[in-house]
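Below is one structure, written out as structure tokens; comments come after it.
The values are calculated or read from the model by the stated rules, or taken from the named source; none is laboratory data. Treat the numbers as computed from the prediction; the structure is a model and nothing was measured. Cβ atoms come from the backbone with ideal geometry, glycine included; neighbour counts cover every protein chain shown. Just so you know, the surface numbers come from the protein's heavy atoms only, side chains and all, with ligands and any DNA or RNA stripped out. Shrake-Rupley method; radii C 1.70, N 1.55, O 1.52, S 1.80 Å.
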Amino acid sequence: MTVVDWSRAQFALTAMYHWLFVPLTIGLSVIVGIMETIYYRTGNERWKALTKFWMTLFGINFAIGVATGIILEFEFGTNWSNYSWFVGDIFGAPLAIEGLLAFFMEATFVAVMFFGWNKVSRGFHLASTWLTALGVSLSALWILVANAWMQNPVGMEFDPEQMRNVMSDFMAVAFNAVAMNKFFHAVFSSWALAGVFVVGVSSWLLWRRSNVAAARSSLKIGAWFGLAGMLLTFLTGDGSAVQVARVQPMKLAAMEGLYDGKVGQELVGFGILNADKRPGDDKEAMHFEISIPNGLSLLANHDINSFVPGINDLIEGIEITPAGDTLRTVGYEERIAIGRRAQEALRAFNKAHAAGDTAAMNAARADVARDFRYFGYGYFDSPEQAVPPVALTFYSFRVMVMLGSFLLLVLVLMAFAASFRPRVLENKWVHYAGMVSLPLVWVCSQAGWIVAEVGRQPWTIQDLLPVGAGISDVPASSVQTTFWIFAVIFTLLLVAEVSIMVRFIARSSRSDIEKDNI
């Protein structure tokens with residue numbers, strides 16, 4: 001494995017561990033706010049006890065999430081210094097806002113939330129809880145703004161003198177359509193995950209016949225909250241498909257294992273990919289598939305008779321416009337030539353700059369600006385290098401959708417039973433469904449991020465900088481060493497977090513949550 005492989009592996013390791021904690025933090029912060037609001041309005045001590053119970057689980061998860069998140073940001077400088085230099089003026093801005101605004105808000109009010117009971121008024125404590133939840137979501141917003149810019153770079157210009165991109169329109173970066181949809185999709189999916197978590201823990205308490213009243217109250221809140229989150233996740237997922245079709249059509253093609261598109265393209269519900277299939281050959285893409293007629297055309301363009309390009313179409317330069325019209329644009333062979341031309345113009349600019357030749361600098365600057373759109377393609381030797389890992393993207397997407405559908409059914413069942421048929425919650429199979437959902441919701445969440453990040457490979461910045469050009473000039477052995485160090489540390493942190501939460505929940509099963517006010 002090369003330094004690129006190890007750098008990608010280390011970043012993926014850190015990101016996936018980090019994402020184990022983030023969605024639960026986002027969702028639980030809102031659930032805690034809802035429960036404390038009920039306590040504030042009713043004065044019922046049961047809700048205060050439940051608020052403190054789930055708040056403790058939130059706090060355990062929050063602490064570990066912060067630790068992994070800080071390491072993740074440091075890796076941009078240690079392993080991806082070329083990337084950081086190339087886009088630091090843009091990528092760094094939302095991360096700085098996240099640190100200065102959202103993180104300080106969380107740090108300030110989380111202290112009041114945990115230690116302010118009986119020290120501040122009930123109203124101020126409630127406000128602190130909701131401000132903590134707001135801070136957590138704002139952190140997600142600015143991080144996702146930065147991530148979305150990598151997938152749809154807007155609001156910037158390339159400056160040849162600095163050899164980097166500089167921000168020209170902050171509002172375009174902040175309100176990038178991809179960022180807005182990605183933010184809501186991530187937040188709502190976090191609501192769904194936290195709802196399933198509450199349902200799962202409550203189901204375990206019911207299975208143990210411990211703290212039954214508290215477990216039923218928690219399950220009802222978690223089920224309805226999770227159901228709302230899951231439905232909104234499906235809704236924003238539809239918006240994500242439309243955005244991907246517009247700005248990352250190659251990702252969409254990989255998600256579907258689609259090589260040759262057509263009008264009225266079907267959606268593969270279940271399929272087995274042909275592992276030997278390559279762009280441009282005449283082999284079948286699928287060994288077996290069950291498809292929904294016209295489904296992909298409807299999903300991508302909201303038009304059952306629209307054209308959806310496949311991998312071969314995109315390599316040849318056939319795409320769709322934002323209006324959904326088909327057009328022939330620049331093929332990948334030509335993009336590679338244009339990208340190399342832009343890079344050669346940049347070298348000419350540097351040479352002219354060193355010589356003090358203003359006329360040559362201006363001419364080269366114009367050439368760079370003309371061809372910069374496909375700058376990143378100049379690093380490739382063939383169009384196939386611009387195709388993401390099809391199998392991993394394809395299967396991860398189906399894992400996400402199938403598990404999401406199963407979890408939706410579980411949440412519907414739990415919400416209906418808790419509200420209208422409480423006796424159903426006495427059945428063991430209901431408890432098992434809730435407990436089984438706990439690990440599955442994390443698998444679903446991780447699969448979604450694999451689709452989002454693996455599907456955009458080989459780009460760190462779409463069309464502008466591939467992963468091979470964004471890395472630091474460090475030995476592969478150094479990154480390999482830190483990879484295994486981080487793997488051990490993160491695993492120990494995960495084991496510690498799960499152990500602490502399990503012990504806390506187990507302790508609650510042996511005591512009275514309401515009486516002890518844990």
Failed item, numbered, when Phe170 is tested on (1) among the hydrophobic types (A, V, I, L, M, F, W, C); (2) in contact with a Phe, Trp or Tyr (Cβ under 9 Å, 6 or more places away or on another chain); (3) open to solvent by 50 Å² or more (accessible area, probe 1.4 Å): (2)
Of the criteria (1) open to solvent by 20 Å² or more (accessible area, probe 1.4 Å); (2) closer than 18 Å to Ser137 by Cα; (3) at pLDDT below 90, which one Asn61 fails: (1)
Out of Ile500, Ile450, Ile489, sole residue that is farther than 18 Å from Trp80 by Cβ, β-branched (Val, Ile, Thr), open to solvent by less than 50 Å² (accessible area, probe 1.4 Å) and in a helix (DSSP H, G or I): Ile450
Candidates Ile71, Ile90 - the one that is at pLDDT 85 or above, assigned to a helix (DSSP H, G or I) and either of a type in the set (A, V, I, L, M, F, W, C) or under 30 Å from Trp47 (Cβ atoms) (or both): Ile90
Test: residue in region 304-313 that is open to solvent by less than 80 Å² (accessible area, probe 1.4 Å), touching a Phe, Trp or Tyr at 6+ places or on another chain (Cβ under 6 Å) and farther than 30 Å from Ser445 by Cβ: yes
Criterion (assigned to a strand (DSSP E or B), in contact (Cβ under 8 Å) with a residue 12 or more places away in the chain and open to solvent by 30 Å² or more (accessible area, probe 1.4 Å)) met by exactly one of Phe184, Phe234, Phe158: Phe158
Candidate set from region 381-417 (those that are of a type in the set (D, E, K, R) and over 20 Å from the mean Cα position of the chain (by Cα)); member that is surrounded by the fewest Cβ atoms within 10 Å (Cβ to Cβ): Asp381
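Give the residues of region 23-46 that are part of a helix (DSSP H, G or I) and either at pLDDT below 90 or of a type in the set (Ser, Thr, Tyr) (or both), sorted by residue number.
Of everything in region 23-46, those that are part of a helix (DSSP H, G or I) and either at pLDDT below 90 or of a type in the set (Ser, Thr, Tyr) (or both) turn out to be Thr25, Ser29, Thr37, Tyr39, Tyr40, Thr42, Glu45, Arg46.
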Given (1) part of a helix (DSSP H, G or I); (2) more than 20 Å from Ser217 (Cα to Cα); (3) at pLDDT 90 or above, number of the condition Arg456 does not satisfy: (1)
Criterion violated by Thr68 - all others in (1) in contact with a His (Cβ under 8 Å, 6 or more places away or on another chain); (2) open to solvent by 10 Å² or more (accessible area, probe 1.4 Å); (3) closer than 30 Å to Met167 by Cβ satisfied: (2)
Of all residues in region 1-54 being of a type in the set (Phe, Trp, Tyr) and in contact with a Phe, Trp or Tyr (Cβ under 8 Å, 6 or more places away or on another chain), the one that is nearest to Val454 (Cα to Cα): Phe11
Contacts under 8 angstrom Cβ, first residue in region 367-386 being under 20 Å from Gln151 (Cα atoms), partner among the acidic types (Asp, Glu), 6 or more apart: Arg373/Asp463; Tyr374/Asp463; Phe375/Asp463; Gly376/Asp463; Tyr377/Asp463; Pro383/Glu333
Hey, Leu465 in contact (Cβ under 8 Å) with a residue 12 or more places away in the chain and within 23 Å of Ala67 (Cβ to Cβ) or not: no
Extreme residue, nearest to Gly455 (Cα to Cα), among residues of region 269-309 that are without any contact (Cβ under 8 Å) to a residue 60 or more places away in the chain and among the β-branched types (Val, Ile, Thr): Ile272
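Kindly indicate the residue of region 237-280 that is assigned to a loop (DSSP other than H, G, I, E, B) and of a type in the set (Lys, Arg) and also least open to solvent (accessible area, probe 1.4 Å) among those meeting that condition. Before you say what the answer is, go through the steps one by one.
Narrowing region 237-280 to residues assigned to a loop (DSSP other than H, G, I, E, B): 248, 257-261, 264-266, 274-280.
If we keep only those that are of a type in the set (Lys, Arg) too, we end up with 277-278.
On the way: Lys277: 12, Arg278: 132 Å².
Filtering first and then ranking leaves Lys277.
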Given (1) open to solvent by 30 Å² or more (accessible area, probe 1.4 Å); (2) part of a loop (DSSP other than H, G, I, E, B); (3) within 23 Å of Pro439 (Cβ to Cβ), number of the condition Ser210 does not satisfy: (1)
Residue match in region 330-340 (condition: among the basic types (Lys, Arg), surrounded by fewer than 17 Cβ atoms within 10 Å (Cβ to Cβ) and modelled with pLDDT of 90 or more): no
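Give region 97-121 a look and list any residue that's of a type in the set (Phe, Trp, Tyr), surrounded by 15 or more Cβ atoms within 10 Å (Cβ to Cβ) and over 21 Å from Ala174 (Cα atoms), or say none.
Phe109, Phe114, Trp117
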